[in-house]
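*Asks:* Handing you this structure, nothing more for now.
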Amino acid sequence: MPTIVDRRSTRVSGGSKVADPIAINGEIDSTPQKRKLRSSSTTEDSRVTSDLTPSPLKSSPSKWKSPRRCVNDSPKTTPNANRGAKAVNLSKSPVKRRLSESFLEKPMWNPRDMEQLNGVKEALHVSRAPSNLVCREVENNRILEFCKQAVEQEKAGSLYICGCPGTGKSLSMEKVNKVLVNWAKESGFQAPDTLSLNCSSLSNTSDIFGKILDKIKLRRKINSCTSPLQYLQKMFSEKQQSAVTKMLLIVADELDYLITKDRAVLHELFMLTTLPFSRFILIGIANAIDLADKFLPKLQSLNCKPAVVTFRAYSKDQIISILQQRLKPVLCYLHKAWCKSFLMVNRVTNNFTVEQAFPYTVFQPQALELCARKVASASGDMRKALWICRSAIEILESDIRDSINSLDLPSLHGGVSDQQRDCACDKALIHESNVVRVDHVAIALSKAYRSPVVDTIQSLPQHQQIILCSAVKLFRGKKKDATIGELNISYLDICKSTLIPPAGIMELSSMCRVLGDQGILKLGKAREEKLSRVTLKVDEADITFALQGIRFFRNCLQQS
C-alpha cells in the first residue's frame, strides 16, 4: 500500500523520499528479518547523510529511550549507535581480546593425572621455597636494613631472630641474603661472604669457631697450641697488615641449642662482634621466644646485646594467602604450552605476572579456610599447614581410586563395559570430586591434631553418634537444651531419612546416660524419662569436626 510505504520512508535533505527497501516490490514482509534489514538500512542512510542533515531531529524517527538506561548518551540516541561505538572500542584493543580469550581456555586440574598431581604436591612441599615470600615484609625489611647498614659502614654487629617453629625465619634469612648480595653489587659495595651454620648438627659446640676460620681461609696459620677462638680474638683485636677486608655474614640457625647446651660458647660468639677490628655480621636464629630473656641480660652486661626481631605466629588470613600463593604457579608448571602463549601476551601488556594469570583451583575455599583456622588457633606453624594440605590431597587421591575400583566391580560380571566405566569416571570427576573438599581436610586435621574429645566421638557406636548429630541440629541457634522427647524426634528424623532402624526412647535415654558418663552430654532429672533435659558439654565444632569425615553425618549436619 502506498500509504504504508510513505509512512515508513526515509527523508533525505532536500525533501525527497526514498522508499523502504522492504516495500520496493509493493509487498510488506512480516518475517523477523524485516526489522533487522530496516534498522541496518536506516543506520547506513544515517551515516551517509550525517554531514548533510542539519540536526538529529530530521533523521528517521526512533523509539524514545528511557533516561535511566542512558548513562553515557542522551535519551534520543539510538541503541545501534552505542553498539557501534562499543564495537569500535573493542577493535582498538587486540591485546585485551587475545588475553580474554586465553583466560577462557584454562585447563582443568585432573587429579588422576600423575604429572599434575605430583606438581601440586611439589608446590606444597616444605622444601620448595616460594618465589615470593609473603606476609613477612616488615620482618624482612628490618633484617635487610640491619645488614645494609653493617655493609655500608663496614661495622660489625649482631642480630637475634626468634619465633615459633614454622614462622618463616630461616626462609626469610635466605631471601634477605640474596637481596643483600644483589644490592651490594648494584651499589658498588663489596658483597659479604656468607657462612650458614646449624648449631644442633655440631658434634662439639666449640667447632663453630673452627668453621669460621675455615671460611676466611686462615686455618693454615694457626699454631697447634692456639685454639681457633683465641686466634680469632687476637686477629681482630689488633690491626693486621694482611687483615681480612670482606665482611663475613654468619647465620647461626638453631641457636637455642647453644643456649641450653653451652652458654659460654654463645657468649664468646657474640663477643666476636665487639672486637675493635671485627668483620663479622652475626645473625642468630632460635625457635623459642622466652629464651631471649635468659641470655640477653648477660650479653648486655658484656656490652654485646644484639638487636631482636620477633616472628609472630601466622594468622588465619596469612596462612590462606601463603597457600594460595603456592598454588597459583602450578598451572604454569604443568601446562608449558599454555603458559608460553600467555607469556607472549605478557610481553605486550607488561601488566600481568604468572601468579596473577593462573587461578588454579585445587582446594575448595572452605577447605583452605578450615585448615588455616585450625592451624592458626593451634600453633601458626606453616609447615604443619603444608603437611595437612598434602595429606588432604592424598585422601582425595585415595577416594578417586576407591570410586574407580567400585566402578570396576560390575564390569567383572559383564554389567558395564570399559567405555561406559571410563565415561562414568569422567562424569564423576567433573563435579566436586576433582577438588579437595572440606571432608578431606577434616580427616587430615584429625590425623594432625588428635584431640581426646574428637577421638572419643569418633570411637562411639553409630547410634550414639546419631544422637550427637541430632543434638547439634537441635541446638542450632539460641536453643541450648532440650528434653529427651524433643531429642528423640530429631533422632527419628535422621534415622528415617537414612533408612536406619531407630532405637526406642528407653534405649535412647540409656545411651544419653552413657554419653553423660563420658562427659559429652549433661542429663538432668525429671519425673518422666522423656522430660529430662539434655545439654551438650562439648563444643558443637568438635562434634562437627569429628563426624565430618563420614559422608552420612556430613550430609546430616549440612542440612538445615
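*Asks:* Please tell me if Gly157 is of a type in the set (Gly, Ala, Ser) and under 14 Å from Ile281 (Cα atoms). Give the derivation first.
*Replies:* Working: of a type in the set (Gly, Ala, Ser): yes; under 14 Å from Ile281 (Cα atoms): yes.
So Gly157 passes the test.
*Asks:* I'm trying to understand the selection: among the residues of the range 370-386, which are in contact with a helix residue (DSSP H, G or I) (Cβ under 7 Å, 6 or more places away or on another chain) and buried (at least 18 other Cβ atoms within 10 Å of the Cβ)? Steps first, answer last, please.
*Replies:* Step one: filter the range 370-386 for residues in contact with a helix residue (DSSP H, G or I) (Cβ under 7 Å, 6 or more places away or on another chain), giving 370-376, 381-382, 384-385.
Passing the criteria: Leu370, Cys371, Ala372, Lys374, Val375, Ala376, Asp381, Met382, Lys384, Ala385.
*Asks:* Return yes when Cys469 is in contact with a Cys (Cβ under 8 Å, 6 or more places away or on another chain), under 28 Å from Val438 (Cα atoms) and at pLDDT below 85 and no when it is not. First the steps, then the outcome.
*Replies:* Working: in contact with a Cys (Cβ under 8 Å, 6 or more places away or on another chain): yes; under 28 Å from Val438 (Cα atoms): yes; at pLDDT below 85: no.
When the stated conditions are applied, Cys469 does not pass them.
*Asks:* Let me ask you something else. Going by the structure shown, is Ile259 surrounded by fewer than 22 Cβ atoms within 10 Å (Cβ to Cβ) and part of a helix (DSSP H, G or I)? Step through it out loud before you land on a result.
*Replies:* Working: surrounded by fewer than 22 Cβ atoms within 10 Å (Cβ to Cβ): yes; part of a helix (DSSP H, G or I): yes.
In short, yes.
*Asks:* Test Arg513 against the criterion of being within 30 Å of Val438 (Cα to Cα), open to solvent by 60 Å² or more (accessible area, probe 1.4 Å) and charged (D, E, K, R), and give yes or no. Give the derivation first.
*Replies:* Details: within 30 Å of Val438 (Cα to Cα): no; open to solvent by 60 Å² or more (accessible area, probe 1.4 Å): yes; charged (D, E, K, R): yes.
No: the conditions fail for Arg513.
*Asks:* Right, here's the next one. Among the residues in the range 462-476, are any more than 25 Å from Gly524 (Cβ to Cβ) and in contact (Cβ under 8 Å) with a residue 60 or more places away in the chain? Step through it out loud before you land on a result.
*Replies:* First pass over the range 462-476, keeping only residues more than 25 Å from Gly524 (Cβ to Cβ): 462.
Among the residues that remain, those that are also in contact (Cβ under 8 Å) with a residue 60 or more places away in the chain are: none.
For the range 462-476, residues more than 25 Å from Gly524 (Cβ to Cβ) and in contact (Cβ under 8 Å) with a residue 60 or more places away in the chain: absent.
*Asks:* To continue, here is another question. Here is a list of conditions, (1) closer than 26 Å to Phe295 by Cα; (2) among the hydrophobic types (A, V, I, L, M, F, W, C); (3) in a helix (DSSP H, G or I), and Leu180 meets all of them except one; can you say which number that is?
*Replies:* For Leu180, the exception is condition (1).
*Asks:* Exactly one condition in (1) in contact with a strand residue (DSSP E or B) (Cβ under 6 Å, 6 or more places away or on another chain); (2) farther than 18 Å from Gly157 by Cβ; (3) at pLDDT 95 or above; (4) among the hydrophobic types (A, V, I, L, M, F, W, C) is false for Ile289; which is it?
*Replies:* In the conditions (1) in contact with a strand residue (DSSP E or B) (Cβ under 6 Å, 6 or more places away or on another chain); (2) farther than 18 Å from Gly157 by Cβ; (3) at pLDDT 95 or above; (4) among the hydrophobic types (A, V, I, L, M, F, W, C), Ile289 misses (3) alone.
*Asks:* Checking Thr483 against (1) open to solvent by 10 Å² or more (accessible area, probe 1.4 Å); (2) touching a Lys or Arg at 6+ places or on another chain (Cβ under 8 Å); (3) at pLDDT below 90, only one condition comes out false. Which one?
*Replies:* Unmet condition: (3).
*Asks:* Does the range 238-250 hold any residues that are open to solvent by 50 Å² or more (accessible area, probe 1.4 Å) and modelled with pLDDT of 85 or more, and which are they? Walk me through it before giving the result.
*Replies:* We begin by selecting, within the range 238-250, every residue open to solvent by 50 Å² or more (accessible area, probe 1.4 Å); these are 238-242, 245-246.
Residue satisfying the conditions is Lys246 alone.
*Asks:* Return the residues of the range 266-310 that are open to solvent by less than 30 Å² (accessible area, probe 1.4 Å) and free of Cβ contacts under 8 Å to residues at least 24 places away in the same chain; say none if nothing qualifies.
*Replies:* none
*Asks:* Next up: Would a scan of the range 509-521 turn up a residue that is of a type outside the set (Asp, Glu), in contact (Cβ under 8 Å) with a residue 24 or more places away in the chain, closer than 23 Å to Ile457 by Cβ and touching a Cys at 6+ places or on another chain (Cβ under 8 Å)? Give the derivation first.
*Replies:* The first filter runs over the range 509-521 and keeps only residues of a type outside the set (Asp, Glu), leaving 509-516, 518-521.
With in contact (Cβ under 8 Å) with a residue 24 or more places away in the chain added as a condition, the list becomes 509, 511-512, 514-515, 518, 520-521.
In the following step, the residues that additionally are closer than 23 Å to Ile457 by Cβ were identified as 509, 511-512, 514-515, 518, 520-521.
Okay, now just the ones that are also touching a Cys at 6+ places or on another chain (Cβ under 8 Å), so 521.
Looking through the range 509-521, at least one residue is of a type outside the set (Asp, Glu), in contact (Cβ under 8 Å) with a residue 24 or more places away in the chain, closer than 23 Å to Ile457 by Cβ and touching a Cys at 6+ places or on another chain (Cβ under 8 Å).
*Asks:* Just name the residue that is most open to solvent (accessible area, probe 1.4 Å) out of those in the range 434-450 that are outside any helix (DSSP H, G or I) and at pLDDT 90 or above. Spell out how you get there, then give the answer.
*Replies:* First, the residues of the range 434-450 that are outside any helix (DSSP H, G or I): 435-437, 449-450.
Narrowing the set further to residues that are at pLDDT 90 or above leaves 436-437.
On the way: Val436: 0, Arg437: 37 Å².
In this case the residue turns out to be Arg437.
*Asks:* Please go through (1) open to solvent by less than 50 Å² (accessible area, probe 1.4 Å); (2) modelled with pLDDT under 90; (3) more than 17 Å from Ser278 (Cβ to Cβ); (4) of a type outside the set (Gly, Ala, Ser) for Asp253 and return the number of the only condition it doesn't satisfy.
*Replies:* Checking Asp253 against (1) open to solvent by less than 50 Å² (accessible area, probe 1.4 Å); (2) modelled with pLDDT under 90; (3) more than 17 Å from Ser278 (Cβ to Cβ); (4) of a type outside the set (Gly, Ala, Ser), the one that fails is (2).
*Asks:* Any chance the range 210-224 includes a residue that's among the acidic types (Asp, Glu) and either crowded, with 18+ Cβ neighbours inside 10 Å or modelled with pLDDT under 85 (or both)?
*Replies:* Keep residues of the range 210-224 that are among the acidic types (Asp, Glu), which gives 214.
Now drop any that are not either crowded, with 18+ Cβ neighbours inside 10 Å or modelled with pLDDT under 85 (or both), which leaves none.
Scanning the range 210-224 turns up no residue that is among the acidic types (Asp, Glu) and either crowded, with 18+ Cβ neighbours inside 10 Å or modelled with pLDDT under 85 (or both).
*Asks:* Right, next: Restricting attention to the range 147-172, which residues are within 25 Å of Ser315 (Cβ to Cβ) and either out of contact with any helix residue (DSSP H, G or I) (no Cβ under 7 Å at 6 or more places or on another chain) or part of a loop (DSSP other than H, G, I, E, B) (or both)?
*Replies:* To start, the set of residues in the range 147-172 that are within 25 Å of Ser315 (Cβ to Cβ) comprises 159-172.
Hits for the range 147-172 are Cys164, Pro165, Gly166, Thr167, Gly168, Lys169, Ser170, Leu171.
*Asks:* A follow-up question, please. Can you work out which of the residues in the range 522-541 that are within 18 Å of Ile457 (Cβ to Cβ) and part of a strand (DSSP E or B) is most open to solvent (accessible area, probe 1.4 Å)? Give the derivation first.
*Replies:* In the first step, residues of the range 522-541 are kept if they are within 18 Å of Ile457 (Cβ to Cβ); the result is 522-523, 534-541.
With the extra rule that they be part of a strand (DSSP E or B), the set shrinks to 522-523, 534-536.
Numbers: Lys522: 129, Leu523: 52, Val534: 3, Thr535: 45, Leu536: 29 Å².
Filtering the range 522-541 for residues that are within 18 Å of Ile457 (Cβ to Cβ) and part of a strand (DSSP E or B), the one most open to solvent (accessible area, probe 1.4 Å) comes out as Lys522.
*Asks:* Just name the residue that is surrounded by the fewest Cβ atoms within 10 Å (Cβ to Cβ) out of those in the range 486-501 that are touching a Cys at 6+ places or on another chain (Cβ under 9 Å) and over 16 Å from Lys530 (Cα atoms).
*Replies:* Pro501
*Asks:* Could you grab me the full set of residues in the range 169-190 that are open to solvent by less than 20 Å² (accessible area, probe 1.4 Å) and not charged (D, E, K, R)?
*Replies:* Let us first name the residues in the range 169-190 that are open to solvent by less than 20 Å² (accessible area, probe 1.4 Å), namely 169, 172-173, 176, 180, 184.
Hits for the range 169-190 are Ser172, Met173, Val176, Leu180, Ala184.
*Asks:* Please pick out the residue among Val472, Val453, Val538 that is closer than 21 Å to Arg373 by Cβ and touching a strand residue (DSSP E or B) at 6+ places or on another chain (Cβ under 8 Å). Spell out how you get there, then give the answer.
*Replies:* On the way: Val453 fails: touching a strand residue (DSSP E or B) at 6+ places or on another chain (Cβ under 8 Å); Val538 fails: touching a strand residue (DSSP E or B) at 6+ places or on another chain (Cβ under 8 Å).
When all the criteria are applied, what remains is Val472.
The values are calculated or read from the model by the stated rules, or taken from the named source; none is laboratory data. Everything numeric here is computed off the predicted structure, so don't read it as measured data. Note that we place each Cβ from the backbone using ideal geometry, even for glycine, and neighbour counts take in every protein chain shown. Accessible surface areas use protein heavy atoms only, side chains included; no ligands, DNA or RNA. Shrake-Rupley method; radii C 1.70, N 1.55, O 1.52, S 1.80 Å.
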